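**Q** Below you will find the structure I want to go over with you.
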Amino acid sequence: MSETKMIILTDEAKEQVLSALAQQPGKTALRVEAKTTGSTEFSYGMKLIGQEERTPEDLIIEAGELQIVLDSKSAEYLKGATIDYEEGIVRTGFKFRNPNRPEIPKIGDGPSPDLTGSVAERIQRLIDTELNPAVAAHGGVIQFLGVRDNKAYLGFGGGCHGCGMVDVTLKQGVEARIRELIPEIEEVVDTTDHSTGENPFYT
């Protein structure tokens, strides 16, 4: 599969890649990858590859004397992106300018997780499969501490620790979702001391 307009390398970036290819005769192209991480930015990777490392599903972009190879997902994530190369006092290296952003998972998106077992087991599975991936977009993490008298006790860490929006996240998102899927729970209690948060997402 071939495409002429997808991702752009600046002259500076192309020069660096071609220089690296010249020093590795067995390599013939540059593979560029973009992956979702659960955050608001993609994770990027670049590596020189040989002919045997390509697959029939790869998208090949002709950039003058350089070939750029993308898997189908990376091609989707990198449409319209530019790769530059910068040299500076603070940072030297490749820089991605990408107009695209990952779709951030939200609480309640997608099919409901398979919730079987005890109340505690169901809460833990819900947190692991749905709630933590959603709050991870803001660098947060939820810890399940236990159940007592039909109350679920949680701790909020990372970007949720000290966050001024945590009451909204808890009441409108986390608590509502837990009570929706696990009706035995009547209340969700946040045990976190948010006054000690060092890196809240919202203040």
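All of the numbers you see were taken from the coordinates with simple rules; none came from a lab. This one's a predicted model, so the numbers in the text were calculated from it and none came from an experiment. Note that we place each Cβ from the backbone using ideal geometry, even for glycine, and neighbour counts take in every protein chain shown.
**Q** What ³J(HN,Hα) values, in whole Hz, does the Karplus curve 6.51 cos²θ - 1.76 cosθ + 1.60 give for the stretch 148-157 when θ = phi - 60°, with x put for Gly and Pro?
**A** Along the stretch 148-157, the couplings run 8, 6, 6, 10, 9, 9, 10, x, 10, x Hz.
**Q** With a Förster radius of 30 Å, plug the Cβ-Cβ distance of A22 and T82 into 1/(1 + (r/R0)^6) and report the FRET value to the nearest 0.05. The partial results should precede the final answer.
**A** Values: r = 23 Å, r/R0 = 0.77.
Given R0 = 30 Å and the Cβ-Cβ separation, E is 0.85.
**Q** Same structure again: Counting each pair of different Cα atoms once, what's the Kirkwood radius of the stretch 2-97 in Å, rounded to one decimal? Before the final figure, lay out each step's value.
**A** Details: mean 1/r = 0.0721 Å⁻¹.
It works out to 13.9 Å.
**Q** Pulled fully out, how much extra length does the chain show between E15 and E103, if you take 0.36 nm times their separation in residues and subtract their Cα-Cα distance? Walk me through the numbers before you get to the answer.
**A** Working: separation 88, 0.36 × 88 = 31.68 nm, distance 3.28 nm.
Fully extending the segment from E15 to E103 adds 28.4 nm.
**Q** Please list, in chain and number order, the residues 5+ apart from A63 or on another chain whose amide H is under 5 Å from its amide H, with Hs placed from the backbone.
**A** Long-range HN contacts for A63: I68.
**Q** Something else now. What distance in nm separates the two pseudo spin-label positions at E62 and E180, each 7 Å out from Cα along the beta-carbon direction?
**A** Here the modelled spin labels are 5.0 nm apart.
**Q** Given a Förster distance of 22 Å, report the FRET efficiency between Q124 and T36 from their Cβ-Cβ distance, rounded to the nearest 0.05.
**A** Working: r = 24 Å, r/R0 = 1.09.
In this case the efficiency is close to 0.40.
**Q** Return the long-range amide H neighbours of L145 (sequence gap of 5 or more, or a different chain), with a cut-off of under 5 Å between placed amide H atoms.
**A** For L145, the qualifying residues are Y153, L154, G155.
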